[in-house]
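To keep things clear, I will list the structure first and then write my remarks on it.
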Protein chains: 2
Amino acid sequence: MKISQKGLYALQAMMMLARHYNQGAIRIRDIAYEEGLPEKFLELILLELKNARIVESVRGAKGGYQLRRPPSEIQLSEIIRLIDGPLAPFGDAEQLRTLIDRDAEHRGLYQVFLDVRDAAAKILEHTTLADIAGGPGAESSRSRKRRKKKEAEGGVLPMVVHGNVPRGKDD
Amino acid sequence: MKISQKGLYALQAMMMLARHYNQGAIRIRDIAYEEGLPEKFLELILLELKNARIVESVRGAKGGYQLRRPPSEIQLSEIIRLIDGPLAPFGDAEQLRTLIDRDAEHRGLYQVFLDVRDAAAKILEHTTLADIAGGPGAESSRSRKRRKKKEAEGGVLPMVVHGNVPRGKDD
DNA sequence: ATAAACTCTATTAAAACGATAGAGTTTATG
DNA sequence: CATAAACTCTATCGTTTTAATAGAGTTTAT
């Protein structure tokens with residue numbers, strides 16, 4: 001699974017709309033300016049998000065874009081699948097399951113791919129715009145979950161300070 | 001993280017060499033034939049794997065390729081990082097950590113990306129060629145782990161039968 | 001009527017991807 | 001020592017994808 005520049009732009013724009021949820025429609029130009037995104041390109045992205053019924057537009061003067069649902073009901077996986085396709089690192093989940101069934105020789109490999117996809121899906125389907133948008137209205141389900149996990153692991157540090165865990169070799 | 005066709009070829013070739021570990025050098029032509037890969041393309045891939053010291057070549061007549069280490073000591077992550085780059089869905093781990101530190105506005109998003117990368121790394125760094133190569137010499141650390149996990153979850157089915165868990169919407 | 005917006009289709013430049021070609025070098029072996 | 005079997009290396013190529021821009025069209029507030 002790869003998140004393209006376009007996918008990042010989409011996520012940024014959606015975070016911005018999440019921060020301004022319930023404040024009426026926001027103009028493309030304002031989103032582009034606030035987030036530092038190319039305006040014309042963003043236009044296409046928002047159109048796609050609109051066709052997927054994730055955002056809605058208000059046309060004409062005083063128009064703009066807004067979320068169709070509250071930020072807490074929009075999963076990151078929806079946006080990523082729309083813009084960048086399947087979460088699996090190769091093919092998609094269904095295809096992988098078929099290969100696992102039929103290609104005995106490579107079953108093990110495809111099962112690993114599917115495991116990776118499931119791990120990504122678990123995270124991205126359980127994280128919503130409300131969880132990451134920041135600004136007023138933060139502290140949602142996800143941030144609570146992450147903090148708990150760190151505490152359970154013996155983490156003591158406040159949020160972003162990346163502690164202890166393996167961290168030797170990198171990507 | 002995206003695994004390209006080239007990356008898949010590399011993994012297949014390595015699985016093949018793992019199955020033939022300790023049987024001397026295997027010719028490119030034989031790997032390509034057995035795995036159904038384009039020979040000339042595979043040539044380049046093996047060269048890259050050799051430069052990364054994962055395989056070694058024997059030159060001249062009767063030459064070929066073989067693993068430099070036992071299959072149980074070659075992580076899938078090594079091969080994937082070499083051919084397809086970082087495991088993170090966007091950028092690489094170090095870059096993400098920097099962004100989490102410096103870009104307050106998007107910290108939450110980048111943290112999610114890093115979580116996804118960590119989940120993928122956990123799987124791909126703990127799975128070796130021995131775990132997936134199949135043929136004689138299978139049943140290694142990983143397959144034991146997976147079975148345990150399934151059993152713990154109440155899974156009763158033999159290996160590949162994908163049970164119960166969420167599986168509704170797909171990639 | 002007009003300007004402010006979104007809508008839609010087309011185009012483009014650059015990069016990535018998948019693959020092939022061919023000349024060069026090394027080595028076993030007869 | 002000639003030769004064929006291999007690996008080595010650099011170049012090229014066609015296609016697709018990516019990131020972005022352009023511009024004409026449509027809708028709506030005022």
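If the requirement is being farther than 26 Å from B:Asp171 by Cα, within 11 Å of DNA strand C (Cβ to nearest atom) and acidic (Asp, Glu), which of these qualifies: A:Glu48, A:Glu39?
Of A:Glu48, A:Glu39, the one residue that is farther than 26 Å from B:Asp171 by Cα, within 11 Å of DNA strand C (Cβ to nearest atom) and acidic (Asp, Glu) is A:Glu39.
Got a number for residues in segment B:82-135 being under 30 Å from B:Pro71 (Cβ atoms) and of a type in the set (S, T, N, Q)?
So the answer is 2.
For segment A:86-117: of the residues being of a type in the set (Lys, Arg) and under 28 Å from the mean Cα position of the chain (by Cα), which is surrounded by the most Cβ atoms within 10 Å (Cβ to Cβ)?
The extreme case among them is A:Arg117.
If I go through segment A:61-84 residue by residue, how many of them are within 13 Å of DNA strand D (Cβ to nearest atom) and under 21 Å from A:Arg29 (Cα atoms)? It would help to see each step written out before you state the result.
Pass one, segment A:61-84, residues within 13 Å of DNA strand D (Cβ to nearest atom): A:61-64, A:80, A:82-84.
Narrowing the set further to residues that are under 21 Å from A:Arg29 (Cα atoms) leaves A:61-64, A:83.
Total satisfying the criteria: 5.
Readers should treat all values here as calculations from the given coordinates under stated rules, not as data from a laboratory. Because the structure is a prediction, the values reported are computed rather than measured. Cβ coordinates were reconstructed from backbone atoms using ideal geometry, including for glycine residues, and neighbour counts include every protein chain displayed.
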